């Protein structure tokens, strides 16, 4: 078999390939050749083949068949083989392959090899990809090498130790004795890696931290030597001697000095020296200064030093170099929490950075600006931020908009300013604002009562300009619906009132309905707004027409609303004014309550249901309940908070099932009930304790006791639902006169075939003892044939620890209940 | 900690890729592609720091890059490294390569990928900076290659011959041997009588 081609040849060949396919072909051919060569167990050319394999791996082709070969190379005696073998191991192997464990023995032998380069190779590989098992086995060897005098090996051993500690934190103790004289080394490489090792140990364990605090003077001395010493050509980078080591030491000092007065004390001088003496013309000097500033901010430094640090950062901000500005903004962001006032001084520079062309800088400046906003500078800052919002990239707009909303909420100097700001955001970045900003804004508007006229006027004008930004349109249509009368009457103190006629307003709203730019949600908003205007405007006919047109809309949401509004016009005209009255001021928390439940019902717009169902307090109960029954008492219902312990989240799905669920039920269906007003105060009738309609009827049908045994008494009270005289609504009250509670109380009922029974969920399933409370449940019985009502009931509960079950027949229904 | 070191050219072809955290091969290639997309979009005069792409850890990791002629050198680091320090490290790395390869160019990196890996291994180990002294690093790398050459045996003969010639200190040979002007004096033979 001819000798496999050299790596160089392979690379040359691959580079001649003109297409990806050609390259793939060449590589596959070569892979096949390599594979057969591996099979032949050819020692001489193995390293060449593996080298080629690594090249192909870098280009992205699979190379896992070379893993074992790498191991064989590592085991060989030749340095060349070992080198390629270890490189291959680092690139191709990792903890997840079991093969890597085979390396452990090889590495162990190589760690004790006579040649330092071989030892170095094995340390390197162990430090890069050693798994925890390998580290555990070989930690002892590493520790031995940490104490050697050979600086080449010592520095590698130090970094390897770091890797071991990362993988197996328990072994940290083992390396402690070896660290004793690490810092007395002269060799910078060893110093550097020792500082890294110490840093890692301090970060991981607070005990180590306190142990190493005593090294602070030594570190300070080393740093001093570095700065003071003259030109040293070896470690010089652009005129500063070993900046990498300086930076590392500063970082370690930061960790050691944090929270500790004595160490911070010891460091103050050297930090001041570094801060003042370092040359800042090159990146190197700035790197050191940056690190110094971070250290000063973190330790308990004296105030003079802190001011110095912030001033350095301020100087950085004015630097031409973008990198420096970026770094300054990042560190200012970190310090703004602690040293707010100092950072405020640089506010104007930061705001200027908003106009920078560089995306990373703009983002940092934006975050920092939001952190700097406070009550005093809100107006100025907001102007700049709004200007920024206008001109920034779309990625930023969402974050910026939310930031502006938050800042405005916290620091708004006046309501008018707040509303203006939000409107400005909506008009410029309308499509990027978050969804919850619409209800938040609406809530804000309702709360600022004196601004209603001004708000609605501005929103109307904005709508005339542009109807493409959905959140703006939604808020505007809601407001016009609510405060349309203010708009038309032309009373506005804050601004020049504009003359708007009712027809113009309706034109705009209808325009929204038909426009292609409006989403379904927006259309729902505008339909409801039109409906609300029917009580505020005089031209009802036009509104009636619009509403009836949408009764046949394809969009189910719109159709449902239109149909319901139509019904309002036709049958319930007397209710309309009350129903569509002005919304009360919403409490932020309360409005979250029902809207959550409502939203799980599949309704997308919370406020629409709010309009219908939130308490218009003067509304008479009868009309409300009639409405409920009209709609089958179904999807409208969930707004009525029952104190029933049913999870609101389940309201969604089962509610819609309720539509068909009027069959015989054996057990309590877990659907929220339209609880009859007198049993629980429902949200709809909040604050309304006046007579519900049904009280009247209840007085007509006397209540009866259905069951009374063992302390458990069940009483039936009757209501007759008005529109459908065949449905009798029975409420059971269960009371417990014994001394022990009855838990897991379940009431079940069955009726003869000619009846239909619907059992709604009980108020609870614990009947408290000694008549302290009662469990109520509603039963609806459909009795189309007007036969005598009979019922068999089954009760199960746990009383005094033992389960009790009972059956009973209820025959003594008063005749009025089923006639 | 340094998570990855990538070198690729202006078209996105990888010239060196070293990961200090484990990813699958596919992910590695994707990371290279994603990094190339992010870095190549950057203007010349913006800062050298970027948020990391999604694959390599998102906003916790930063990409610090430098553009030299046709190559991008990208170091992906986490928050424990100083950004400006890493910029300097990239500079030191490139200068070391320059020293070891004598006026390094992209072709050198292409054809001597293993040597570049070795130099890098002398500088960064396990994601942490090992040595920053350029002369130290290049001495070590040279010692390695010397060891390799001494072992190479017969197969290394041509290479050794080449390096032997390079190192040969030939005395200054006359460069031009100008034959044109030699006048050959024809001896004046006396006539016979």
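Out of A:223, A:245, A:145, A:153, one residue alone is in a helix (DSSP H, G or I), away from chain B (no Cβ under 14 Å) and surrounded by 14 or more Cβ atoms within 10 Å (Cβ to Cβ). It is A:223. Which of the residues spanning the stretch A:269-296 are in contact with a helix residue (DSSP H, G or I) (Cβ under 6 Å, 6 or more places away or on another chain), within 24 Å of residue A:210 (Cβ to Cβ) and more than 14 Å from chain B (Cβ to nearest Cβ)? Answer for the stretch A:269-296, where residues must be in contact with a helix residue (DSSP H, G or I) (Cβ under 6 Å, 6 or more places away or on another chain), within 24 Å of residue A:210 (Cβ to Cβ) and more than 14 Å from chain B (Cβ to nearest Cβ): A:270, A:271, A:296. Taking the numbered list (1) exposed (fewer than 14 other Cβ atoms within 10 Å of the Cβ); (2) within 9 Å of chain A (Cβ to nearest Cβ); (3) out of contact with any helix residue (DSSP H, G or I) (no Cβ under 8 Å at 6 or more places or on another chain) in turn, residue B:29 passes all entries but (1). Considering the stretch A:2-32, the residues that are closer than 18 Å to residue A:73 by Cβ and over 53 Å from the mean Cα position of the chain (by Cα) include one that is modelled with the lowest pLDDT, namely A:3. If you go through the stretch A:106-126 and keep only what is more than 8 Å from chain B (Cβ to nearest Cβ) and not in a helix (DSSP H, G or I), you end up with A:112, A:113, A:114.
For residues that are touching a helix residue (DSSP H, G or I) at 6+ places or on another chain (Cβ under 7 Å) and surrounded by fewer than 19 Cβ atoms within 10 Å (Cβ to Cβ), scanning just the stretch A:400-422, find the one that is farthest from residue A:462 (Cα to Cα). Top of the filtered list is A:411. Only residues that are away from chain B (no Cβ under 14 Å), farther than 21 Å from residue A:429 by Cα and part of a helix (DSSP H, G or I) were counted in the stretch A:330-351, giving 11.
Answer with yes or no whether residue B:159 is closer than 21 Å to residue A:50 by Cα, modelled with pLDDT under 85, within 12 Å of another protein chain (Cβ to nearest Cβ) and within 21 Å of the chain's Cα centre (by Cα). For residue B:159, the condition - closer than 21 Å to residue A:50 by Cα, modelled with pLDDT under 85, within 12 Å of another protein chain (Cβ to nearest Cβ) and within 21 Å of the chain's Cα centre (by Cα) - is met.
From the list B:106, B:148, B:172, pick out the single residue that is buried (at least 16 other Cβ atoms within 10 Å of the Cβ) and modelled with pLDDT under 85. Testing whether each residue is buried (at least 16 other Cβ atoms within 10 Å of the Cβ) and modelled with pLDDT under 85 leaves just B:148.
Scan the stretch A:497-506 and give yes if some residue there is closer than 19 Å to residue A:433 by Cα, surrounded by fewer than 16 Cβ atoms within 10 Å (Cβ to Cβ) and out of contact with any helix residue (DSSP H, G or I) (no Cβ under 7 Å at 6 or more places or on another chain), otherwise no. For the stretch A:497-506, residues closer than 19 Å to residue A:433 by Cα, surrounded by fewer than 16 Cβ atoms within 10 Å (Cβ to Cβ) and out of contact with any helix residue (DSSP H, G or I) (no Cβ under 7 Å at 6 or more places or on another chain): absent. Across the stretch B:76-94, the number of residues qualifying as part of a loop (DSSP other than H, G, I, E, B), within 12 Å of chain A (Cβ to nearest Cβ) and touching a residue at least 40 places away in the same chain (Cβ under 8 Å) comes to 2.
Any residue in the stretch A:61-72 that is free of Cβ contacts under 8 Å to residues at least 12 places away in the same chain, away from chain B (no Cβ under 12 Å) and in a helix (DSSP H, G or I)? For the stretch A:61-72, residues free of Cβ contacts under 8 Å to residues at least 12 places away in the same chain, away from chain B (no Cβ under 12 Å) and in a helix (DSSP H, G or I): absent.
Does the stretch A:74-84 contain any residue that is assigned to a helix (DSSP H, G or I), touching a residue at least 24 places away in the same chain (Cβ under 8 Å), touching a strand residue (DSSP E or B) at 6+ places or on another chain (Cβ under 9 Å) and within 11 Å of another protein chain (Cβ to nearest Cβ)? Steps first, answer last, please.
Residues of the stretch A:74-84 assigned to a helix (DSSP H, G or I): A:74-75, A:79-84.
Going one step further and asking which of them are touching a residue at least 24 places away in the same chain (Cβ under 8 Å), we end up with A:74-75, A:79-84.
With touching a strand residue (DSSP E or B) at 6+ places or on another chain (Cβ under 9 Å) added as a condition, the list becomes none.
Taking every residue of the stretch A:74-84 in turn, none turns out to be assigned to a helix (DSSP H, G or I), touching a residue at least 24 places away in the same chain (Cβ under 8 Å), touching a strand residue (DSSP E or B) at 6+ places or on another chain (Cβ under 9 Å) and within 11 Å of another protein chain (Cβ to nearest Cβ).
Please tell me if residue A:575 is closer than 18 Å to residue A:481 by Cβ and touching a residue at least 60 places away in the same chain (Cβ under 8 Å). Taking the combined requirement at face value, the residue does not satisfy it. Inspection of the stretch A:197-204 finds a residue satisfying the criterion of being surrounded by fewer than 21 Cβ atoms within 10 Å (Cβ to Cβ), under 24 Å from residue A:171 (Cα atoms), within 14 Å of chain B (Cβ to nearest Cβ) and modelled with pLDDT of 85 or more.
Kindly evaluate residue A:179 against the criterion of being surrounded by fewer than 16 Cβ atoms within 10 Å (Cβ to Cβ) and touching a helix residue (DSSP H, G or I) at 6+ places or on another chain (Cβ under 8 Å). For residue A:179, the condition - surrounded by fewer than 16 Cβ atoms within 10 Å (Cβ to Cβ) and touching a helix residue (DSSP H, G or I) at 6+ places or on another chain (Cβ under 8 Å) - is not met.
Among the residues making up the stretch B:35-62, those that are surrounded by 17 or more Cβ atoms within 10 Å (Cβ to Cβ), farther than 17 Å from residue B:15 by Cβ, in contact with a helix residue (DSSP H, G or I) (Cβ under 8 Å, 6 or more places away or on another chain) and more than 9 Å from chain A (Cβ to nearest Cβ) are B:52, B:53, B:56, B:62. Among the candidates A:367, A:384, the residue that is within 21 Å of the chain's Cα centre (by Cα), without any contact (Cβ under 8 Å) to a residue 40 or more places away in the chain and more than 21 Å from residue A:472 (Cβ to Cβ) is uniquely A:367.
State whether the residues of the stretch A:179-193 include one that is within 13 Å of chain B (Cβ to nearest Cβ), assigned to a helix (DSSP H, G or I) and touching a strand residue (DSSP E or B) at 6+ places or on another chain (Cβ under 8 Å). Within the stretch A:179-193, one or more residues are within 13 Å of chain B (Cβ to nearest Cβ), assigned to a helix (DSSP H, G or I) and touching a strand residue (DSSP E or B) at 6+ places or on another chain (Cβ under 8 Å). Of the residues making up the stretch A:500-516, at least one is in the same structural domain as residue A:449 (by the TED database), in a loop (DSSP other than H, G, I, E, B), within 20 Å of residue A:474 (Cα to Cα) and under 41 Å from the mean Cα position of the chain (by Cα). Based on what the data block shows, is residue A:230 away from chain B (no Cβ under 13 Å) and at pLDDT below 80? Answer is yes for this residue. Where residues in the stretch B:95-123 are more than 9 Å from chain A (Cβ to nearest Cβ) and touching a residue at least 40 places away in the same chain (Cβ under 8 Å), which of them is farthest from residue B:17 (Cα to Cα)? Applying the filter and picking the extreme gives B:100.
Pull up the stretch B:6-22, narrow it to residues that are assigned to a loop (DSSP other than H, G, I, E, B) and touching a residue at least 12 places away in the same chain (Cβ under 8 Å), then point me to the one that is nearest to the other protein chains (Cβ to nearest Cβ).
Of the residues in the stretch B:6-22, the ones assigned to a loop (DSSP other than H, G, I, E, B) are B:10-13, B:20-22.
Filter once more, so that each one left must be touching a residue at least 12 places away in the same chain (Cβ under 8 Å): B:10, B:12, B:20-21.
On the way: B:10: 16, B:12: 11, B:20: 7, B:21: 9 Å.
The extreme case among them is B:20.
The values are calculated or read from the model by the stated rules, or taken from the named source; none is laboratory data. If you're wondering where the values come from, they're calculated on a predicted model, not measured in any experiment. Quick reminder, even Gly has a Cβ in these numbers, built from the backbone with ideal geometry, and neighbours come from all protein chains shown.
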